[in-house]
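Just below is one structure, and these are the notes that go with it.
The values are calculated or read from the model by the stated rules, or taken from the named source; none is laboratory data. Owing to the predicted nature of the structure, the values given are computational and were not obtained by experimental measurement. Please note: Cβ atoms are built from the backbone with ideal geometry, for glycine as well, and neighbour counts cover all protein chains shown. Note: areas computed on protein heavy atoms with side chains; ligands, DNA, RNA excluded. Shrake-Rupley method; radii C 1.70, N 1.55, O 1.52, S 1.80 Å.
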Amino acid sequence: MKVTHAQKLELYKKGYVQIPGAVPGVMVDTAVKAINHSFGKGIDPANMITFQAQSFCPELRQAPEITDLYNKTPVKQLAESMIGAGKVNPVERGQIAVRFPLLDDPPPALRPHLDGRYSPHNGVPAGELRRFTMLVGIALSDVSSDYAGNLAVWPGTHRLYEQYFNQNGHDILMRGGAEGMPPINMPQPHMLTARAGDAFLVHYQIAHCASPNVSPHPRYAIYFRLQHVDLRAQLFEALTDIWLEWDGMREIVAQHGEPVPTP
């Protein structure tokens, strides 16, 4: 499996691309079985907020049933074809992201965010930015309609935020929460549908969230946060040069450089 020119162009313009069937079904089933086995032991309600912000089943985050979804599937090669072979730090754990059904009618509003900023339950210290390079999502269950726990994205915001940071600096990110989101005119969000085994390759600097789930079924997904090997040395520089850590995108950027889109 190889990323096509068209898929790279889609990521360049939108900030994300979906790769259908990137993970074999047997590996999806193995991961879901391990998660459900863990759930069968019980979930402490007192920890639900932390699990939602960080990861369910923390004892499984480094288990091969989870990490093999990246390390032993085409997803690793696909990601490195965009960031650069040998340019990604080893992936040793994943986030087990489950969204259980809500009874809300209508569903709550979508709330976009950028990862790696402080919130009371996500484990990021106040005043610190834990940026990464690429978010890799693996769907472990079918998501066939809106408001079913979808990965929701605001296409093009990677470029809009790049423009904002170039003009205003990045200090706002240290505030955390909604107050730490740069004030830009947001495009319309897309709630992405998926089949189990689909992968999403997403630029760090895309506004996104998990949509509320008012479907009858839990939504299962795994997220990996890939770091360029030089990330710490250019932690803030890449906010204003969004393809700095994407060697595999250089040709696309050179061919299709264009003004920042207007929402």
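So the values come out like this:
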quantity: Check: the chain dipole with +1 on Lys, Arg Cβ and -1 on Asp, Glu Cβ, in debye; calculated: 240
quantity: Across Lys2/Lys76; Lys33/Lys76; Lys41/Lys72, pairs whose alpha-carbon gap is larger than 18 Å; calculated: Lys33/Lys76; Lys41/Lys72
quantity: Ranked packing of 43-54, 129-140, most packed first, by mean Cβ within 10 Å; calculated: 129-140, 43-54
quantity: Cβ charges +1 (Lys, Arg) and -1 (Asp, Glu), total dipole of the stretch 181-254, debye; calculated: 400
quantity: Solvent exposure of the chain as accessible area per residue, Å², 1.4 Å probe; calculated: 48
quantity: The chain: DSSP helices with Cα axial extent of at least 20 Å and average Kyte-Doolittle hydropathy no lower than -0.5; calculated: 25-40
quantity: Relative contact order of the chain, defined on C-alpha pairs under 8 angstrom at six or more residues apart (%); calculated: 30
quantity: Radius of gyration, Dmax [the chain; alpha carbons; angstrom]; calculated: 17.7, 53
quantity: Order of exposure, largest accessible area first, which applies to Glu245, Glu179 with probe 1.4 Å; calculated: Glu179, Glu245
quantity: Taking the convex hull of Cα positions in the stretch 60-178, its mean projected area over all directions (nm²); calculated: 9.7
quantity: Separation of alpha-carbon centers, the stretch 198-230 and the stretch 2-50, rounded to whole Å; calculated: 7
quantity: Cα extents of the stretch 138-263 along the three principal axes, largest first (Å); calculated: 44, 33, 28
quantity: Area accessible to solvent at Tyr16, 1.4 Å probe radius, in Å²; calculated: 10
quantity: Protein accessible area in the stretch 16-88, 1.4 Å probe - carbon and sulfur %; calculated: 54
quantity: Extent along principal axes [Cα atoms of the stretch 211-257; Å; largest to smallest]; calculated: 45, 28, 17
quantity: Hull shadow area, averaged, the stretch 1-107 [alpha-carbon convex hull, nm²]; calculated: 9.1
quantity: Dipole of the chain, positive end: most advanced residue of Gly180, Ala148, Ala126 [Cβ charges, Cα centre]; calculated: Ala148
